[in-house]
Structure formats: C-alpha cells, structure tokens
Amino acid sequence: MEKLPLAEQMAQFEQRCRALALRMTPQRLEIFRLLAGEAGHPTAEQLHQRLLAQMPTLSLDTVYRTLATLVTHGLVRRVVTAESQARFEVALSEHHHLICRRCHKIVDCCWPQLDSAALPLPADWGRLDCCTLTGYGLCRACQQAETPAVAPPEALKPP
Ligand SMILES: [Zn+2]
Ligand SMILES: [Zn+2]
C-alpha cells in the first residue's frame with residue numbers, strides 16, 4: 001500500500017492538532033513523525049528505543065502516555081493483533097492488515113471491494129463506523145523458510 005509522503009502526513013498532523021486544539025509537544029510530534037515514516041507497525045518499546053537517540057531523557061512511560069493521547073484523538077491507531085503487545089500506526093488511512101504468524105510482520109493492504117460492500121449486519125445493530133479485516137498467514141520469507149526448496153525435475157535442468 002502506498003503511503004502519503006512524510007511532509008504531507010506531517011501537514012495533516014499539524015492541521016488535525018490545530019482543529020482538535022491539541023498542543024504539538026515535541027514528544028507528540030516526534031512519535032507521530034517516526035510512525036509516519038515507518039513502513040512497519042512498531043510497539044511502544046520499539047518506538048522508545050528509536051527515539052532515545054534524539055531524546056535521551058524520554059521515558060517509556062511518556063511514550064505510552066503520548067501514544068494513548070494520540071490514539072484517543074484518532075491521530076494514531078492501535079492495530080489489533082493476536083499478540084499481547086500493542087502495535088501502532090498513523091491513522092490517516094483506512095486499510096486492512098495481513099499478519100505473519102511466524103515473524104509477526106504486519107503489512108497494510110487495500111481491499112476496495114470489501115470497503116464498498118454492504119455488510120450483512122444483524123438487524124438490531126446500530127451504526128457501523130469502520131470495518132477492518134485482519135488476515136493471518138505466512139509471509140513469503142517465512143513460507144520459503146518453512147518449505148524446503150524442491151529440486152527441478154530432470155527435464156527442466158539445463159544440459
Ligand atoms: Zn513472516
Ligand atoms: Zn496498517
């Protein structure tokens with residue numbers, strides 16, 4: 001899935017903070033910037049490790065609290081996985097996730113057909129705000145690691 005350029009994501013972040021009257025503290029800004037520039041879906045601990053280089057006094061607790069604030073305001077999303085550790089991403093686009101059950105890599109994926117489908121909601125359900133799908137399986141690298149390479153049949157071997 002294509003991500004918006006970092007500058008554009010930061011501009012949207014600034015705009016939304018202003019609209020929400022949320023102060024752009026250095027911690028909020030740096031955590032969002034790191035998530036926006038990141039292809040993966042890091043944990044709070046991973047974010048903390050990466051931020052220590054620029055903010056040596058930053059505590060893990062501050063990272064947790066900052067993430068919680070950003071999640072509450074809909075700027076960052078907590079990705080629901082089967083793992084106990086929460087994973088985070090910027091909440092600028094709706095998309096689905098594929099999770100490798102071996103290496104726990106999370107990949108974004110788009111499914112416009114699903115997004116525009118009428119979901120068979122129970123009659124007594126109220127309003128649906130969002131619907132995301134999580135697919136579990138093996139990523140290509142893990143699949144190759146699990147399956148021993150098969151030798152090509154004799155006929156296909158170069159002479
Ligand atoms: Zn994998
Ligand atoms: Zn994602």
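The values are calculated or read from the model by the stated rules, or taken from the named source; none is laboratory data. Given the structure is predicted, the values throughout are model-derived calculations rather than measurements. Please note: Cβ atoms are built from the backbone with ideal geometry, for glycine as well, and neighbour counts cover all protein chains shown. The accessibility values were calculated without ligands, DNA or RNA, using every heavy atom of the protein model including side chains. Shrake-Rupley method; radii C 1.70, N 1.55, O 1.52, S 1.80 Å.
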Item to check | Of Q113, A68, C103, farthest towards positive along the dipole that unit charges on Lys, Arg, Asp, Glu beta carbons give the chain | outcome: A68
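Counting only C-alpha contacts under 8 Å and six or more residues apart, can you give the relative contact order of region 1-93 as a whole percent?
Values: 89 pairs, mean separation 26.3, N = 93.
Rounded, it is 28 percent for region 1-93.
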Checklist entry - Taking only protein heavy atoms and a 1.4 Å probe, what accessible area per residue, in Å², does the chain have with all protein chains in place? => result 67 Å²
Checklist entry - What is the list of residues in region 74-94 whose amide nitrogen lies under 14 Å from a point 7 angstrom out from the Cα of C110, following Cα to Cβ? => result 93-94
Item to check | On Cα atoms only, tilt of 26-36 relative to the major axis of the chain in degrees | outcome: 20 degrees
Checklist outcome for this item: Rounded to a whole %, the carbon-and-sulfur portion of the accessible area of the chain at a 1.4 Å probe is 57 percent
Item to check | Theoretical FRET efficiency, 1/(1+(r/R0)^6), r = Cβ-Cβ of T57 and H95, R0 30 Å, to 0.05 | outcome: 0.30
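So what is the 222 nm mean residue ellipticity for the chain from helices alone, if each DSSP H run of at least 4 adds -39500 (n - 2.57) and you divide by all residues, rounding to the nearest 500 deg cm²/dmol? Could you put the intermediate results ahead of the total?
On the way: 6 runs with 58 residues, N = 159.
One gets -10500 deg cm²/dmol as the mean residue ellipticity at 222 nm.
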Item to check | Fluctuation leader among A36, A11, A91 - the chain, Gaussian network, Cα springs under 10 angstrom | outcome: A11
Item to check | About the Cα centre, charge dipole magnitude for the chain (Lys/Arg +1, Asp/Glu -1 at Cβ), debye | outcome: 300 debye
Checklist entry - How far apart, in nm, are the 7 Å Cα→Cβ label points at R18 and Q144? => result 4.7 nm
Item to check | With 5 Å bins from 0: P(r) over region 1-93, alpha-carbon pairs, percent | outcome: 2, 14, 27, 26, 20, 9, 2
Checklist entry - In the calculated pair distance distribution of the chain, what percentage of Cα-Cα distances lie above 21 Å? => result 58 percent
